[in-house]
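Notes to accompany the following structure.
The values are calculated or read from the model by the stated rules, or taken from the named source; none is laboratory data. Please read all numbers here as calculations on a predicted model, not as lab measurements. So basically every Cβ, Gly included, is an ideal-geometry build from the backbone, and we count neighbours across all protein chains shown. Calculation scope for accessible area: heavy atoms of the full protein, side chains included, ligands and nucleic acids excluded. Shrake-Rupley method; radii C 1.70, N 1.55, O 1.52, S 1.80 Å.
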Amino acid sequence: MVESKFNFWSFVAVISSLLLFVLLFYILCKIGIMNLPVYASIPLLALLLFLMVWLLFGEIRTKLIKIKIENNSITVKNFIGLGIEKKYYFREFDGYKISILPSEYQDFEYLYLFAEQRKVIKISQFYHSNYAELKQSIIRKTKNLGTAHFNFVAEVKEIFIV
């Protein structure tokens, strides 16, 4: 059995994002969003809403997940392990794809598990300190479907797919 472990930087990223959201919200309240012209207030509110949706549903729900891999199954709890537990059997998966997310200082690897040609589980090297161990446990039990190229638009669309 292998259980995921979050690394320190995953919490730093989430906390700093939340602080940024709170700071933006505070600034908008302080300057009085109603005092701004419509052409300025609508984009600011849209940006604030987008940041919150992306953080909560794009990162915390789908990537900051707690994983437990057993002999023939994988159990996932989203929302930093506080969400509802969902159990999948390895026979349900079509396989996995690996993707590289480039960043300024280091590229991070993601492993996507597919079922019925849809990404079901996203495991991130950035968020999980034992990513290599999780990856090895999965690739022994599922089929390699190749690589997935990182696509920002697809990532945003997946935020809204439950």
Can you name the residue in region 138-154 that is surrounded by fewer than 17 Cβ atoms within 10 Å (Cβ to Cβ) and either under 12 Å from the mean Cα position of the chain (by Cα) or of a type in the set (Gly, Ala, Ser) (or both) and, of all such residues, is farthest from Ile69 (Cα to Cα)?
-> Ala154
Within region 14-36, residues being at pLDDT below 80, open to solvent by 30 Å² or more (accessible area, probe 1.4 Å) and of a type in the set (A, V, I, L, M) number 6
If Asn78 passes every condition in (1) in contact with a strand residue (DSSP E or B) (Cβ under 7 Å, 6 or more places away or on another chain); (2) closer than 24 Å to Met1 by Cβ; (3) buried (at least 16 other Cβ atoms within 10 Å of the Cβ); (4) not acidic (Asp, Glu) but one, which one does it miss?
-> (1)
From the set of residues in region 114-125 that are in contact with a helix residue (DSSP H, G or I) (Cβ under 7 Å, 6 or more places away or on another chain) and without any contact (Cβ under 8 Å) to a residue 60 or more places away in the chain, which is nearest to Thr142 (Cα to Cα)?
-> Ala115
Quickly run through region 123-137 and pick out the residues that are open to solvent by 50 Å² or more (accessible area, probe 1.4 Å) and either hydroxyl-bearing (Ser, Thr, Tyr) or closer than 10 Å to Gly95 by Cα (or both).
-> Ser129
Val120 is checked against (1) among the aliphatic types (A, V, I, L, M); (2) open to solvent by less than 40 Å² (accessible area, probe 1.4 Å); (3) touching a strand residue (DSSP E or B) at 6+ places or on another chain (Cβ under 9 Å) and fails just one. What number does that condition carry?
-> (2)
Spot the failing condition for Thr142; the list is (1) assigned to a loop (DSSP other than H, G, I, E, B); (2) farther than 23 Å from Glu85 by Cα, and only one is missed.
-> (2)
Tell me, which residue of region 51-67 that is at pLDDT 90 or above and of a type in the set (Val, Ile, Thr) is farthest from Phe108 (Cα to Cα)?
-> Ile67
Does region 37-69 hold any residues that are surrounded by 15 or more Cβ atoms within 10 Å (Cβ to Cβ) and part of a loop (DSSP other than H, G, I, E, B), and which are they?
-> Arg61, Thr62, Lys63, Leu64, Ile65
Mind checking which pairs have a first residue in region 38-58 that is in contact (Cβ under 8 Å) with a residue 12 or more places away in the chain and a second that is outside any helix (DSSP H, G or I) and open to solvent by 80 Å² or more (accessible area, probe 1.4 Å), Cβ under 8 Å, 6 or more apart or different chains?
-> Phe57/Phe160
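Got a number for residues in region 20-36 being within 24 Å of the chain's Cα centre (by Cα) and outside any helix (DSSP H, G or I)? Spell out how you get there, then give the answer.
So in region 20-36, the residues within 24 Å of the chain's Cα centre (by Cα) come out as 20-25.
Retained after the next criterion (residues that are outside any helix (DSSP H, G or I)): none.
Total satisfying the criteria: 0.
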Within region 87-139, residues being of a type in the set (Lys, Arg) and part of a helix (DSSP H, G or I) number 2
Is it the case that Lys97 is of a type outside the set (Asp, Glu), free of Cβ contacts under 8 Å to residues at least 60 places away in the same chain and surrounded by 15 or more Cβ atoms within 10 Å (Cβ to Cβ)?
-> yes
